[in-house]
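Undergrad: What follows is a structure written as C-alpha cells; I'll ask about it next.
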Amino acid sequence: MSEELSEMVEITTVEPGDLVTGIVTELEEKKANVDIGYKFPGIIPIRELSVLRIDHPNEVVQVGDQVRTKVLKVDEEAEVVILSKREADADEAWTNLRAQFDSGETLEVVVRDVVKGGLVADLGVRAFVPASLVDRHFVEDLEDFKGKTIRVKVIELDPETNKLVLSRKAVLDEEHENRMESVLHNLHEGEIVEGTVQRLTNFGAFVDVGGVDGLVHISELAWHHVKDPSEVVQAGDRVKVKVLRVDPEAGRISLSMKEAAPSPWEQYTEEFHEGDVVEGEVKRLVDFGAFVELRPGLEGLVHVSQISHQHVAHPQDVLTVGERVKVKILSFEPERKRVSLSIKEAESNNRQPSVQDTERFLNTQTDNSGTGATLGDLFGDLFNKH
C-alpha cells in the first residue's frame, strides 16, 4: 500500500467542502471511482472532472492517478461520497492565477477547444483567449491552434464570476518590443542589410530586418516610378535595403531598396554619350517640355524648343505620355543627374532630302554653270531611291 493510500485510511469523517486526495480505481462512462481512504467510496461525476465539456473520464484521468478533490456531498443512504475535481482545481487555480496576473508571468497552456470568438483552455478554471488577442495580426482560421501549446499572459480574472481572460498577443507584443529594442540599437542609418519581404500594402512593402519590420515606401522601391509594389517585389523575397532612418521612440525603421542598388546614373554611365540618337518613352509633360525615359529611372528633358522644327506652344499638343520617340543626346552629365535631349535634332539626323527639297533648290538656282556640280551630284541618293 502506498504512503498516500496509508494516510487516506486514517480518514474517519468527511464533510462537504473538505479537500481530500484519492486514487482513481475505475473509470466508467459517466464517472470516475476514487478511493479516498474513507468507509464509503468516492465518485467524481463526469461533469465534475473538468471545467470543459468532455465525452469520457479518460480524457482527464486514468486508473491509478492521484487526484485532489473537494467533497460535495456525503450520501449515507447510497454509501458514496460525491467529489469534484473541477472545484478543487479551481480553488487552487485562482490563487495561482492571481499571483501570475500580479507578476505578469508568461504561462503555457494547451488549447482544448475553438469556439465562436476565440480559444478555450483548462487552467483549473475555464480560460478564454479572444480571437483579437490570439496574434498580433488577424487570424482567419483559429482551428490551426486546437491541441497546440501556446504561451499566454493573464490579462483579466474574476473568481466570483469565474472569468479568466488570456492573451497570446501580449506575449508576442512583449517579444516584439524586446527584438525591436535590440534591432534599433544595432541598426545604423546608412548601412545596407538584407531582409525578407513580409507583406505588401498600397503604399509600400514591409521588410523584416532581424526580426523587426521596416517600411520601404513605394517611392523607395526602385529608381523608376512604381504604381504598385507587386511590380517590384513579392512576399517572401529576399532583398537588400539601405537604412534611411531609425526612430527608437516611435519604433519605426525607414528603408530603401533603390538606395541599396546602383543608381541609373551609375549603371548607364558608359552606355550614353553626347550626340547619340536613342529611343525613349515620354513619361511626363510639363509647360517647359517633356521628360523622356531612356532606361528605367533615367530620364532626360526635351525642352519645348527642342520638340519640333515648328513652333510648339504646349508639349501636349504634339506629344502624349507613353509615346515612344527618338531623341538626340545634347548633353549627358551623370554627376549632375542631368540629360538634355532633342527630338528635332534626332529627326534632322535621320532626315533625307525630299522632292520638295529638290523643288526648293531648283527655284532658288538661276545658274548652275559656275558651281561645277550637277543635280546628280547634289541629289544622287534621292534619285537612286525613286
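No value in this document is a laboratory result; all are computed from the given coordinates. It should be emphasised that the depicted structure is a prediction, and the values quoted were computed from it without experimental measurement. In this analysis, Cβ positions are derived from the backbone assuming ideal geometry, glycine residues included, and neighbour counts consider all displayed protein chains.
Undergrad: Output needed: percent of Cα pairs per 5 Å distance bin for the range 1-158, bins running from 0 to the one holding the longest distance.
TA: Here the calculated profile for the range 1-158 is 2, 9, 16, 17, 16, 13, 11, 8, 5, 2, 1, 0.
Undergrad: Can I ask one more? Along the three principal axes, how long is the chain when you take its alpha carbons, biggest first, rounded to the nearest angstrom?
TA: 147, 43, 36
Undergrad: Once the range 152-306 is represented by equal point scatterers at the alpha-carbon sites, with solvent omitted, what log10 I(q)/I(0) does the Debye formula produce at q = 0.09, 0.18, 0.21 Å⁻¹?
TA: Debye curve over Cα of the range 152-306, log10 I(q)/I(0) at q = 0.09, 0.18, 0.21 Å⁻¹: -0.46, -1.07, -1.24.
Undergrad: So for each of 75-86, 178-189 I average, over its residues, the number of other beta carbons within 10 Å; can you give me the resulting order with the highest mean first?
TA: 75-86, 178-189
Undergrad: While we're on this one: Tell me which aspartates and glutamates have Cα within less than 18 Å of K242's Cα, excluding those fewer than 8 residues away on the same chain?
TA: Cross-link targets: E189, E191, E194, D208, D213, E220, E259, E266.
Undergrad: Something else now. If eta is 1.002 mPa s and T is 20 °C, what Stokes-Einstein diffusion coefficient results for the range 7-88, Kirkwood Rh from Cα pairs, in µm²/s?
TA: Estimated diffusion coefficient is 174 µm²/s.
Undergrad: Can you sort L255, L72, L133 from fewest to most other Cβ atoms within 10 Å of each residue's own Cβ?
TA: In increasing order of surrounding Cβ atoms, one gets L72, L133, L255.
Undergrad: Mind putting a number on the dipole of the chain about its Cα centre? Charges go on the C-beta only, +1 for Lys and Arg and -1 for Asp and Glu, and I need it in Debye to the nearest 20.
TA: With only Lys, Arg, Asp and Glu charged at Cβ, the dipole is about 1560 debye.
Undergrad: Here's another thing I want to ask about it. Taking the Cβ of Q267 as the center, what net charge do the other residues with Cβ under 13 Å away carry, scoring Lys and Arg +1 and Asp and Glu -1?
TA: 0
Undergrad: Within a 10 angstrom radius of the beta carbon, how do V325, V63, V71 rank from fewest other beta carbons to most?
TA: Fewest-to-most Cβ neighbours within 10 Å comes out as V63, V325, V71.
Undergrad: With n ≥ 4 as the cut-off for DSSP H runs, can you work out [θ] at 222 nm for the chain, using -39500 (n - 2.57) per run divided by the number of residues, rounded to the nearest 500?
TA: -6000 deg cm²/dmol
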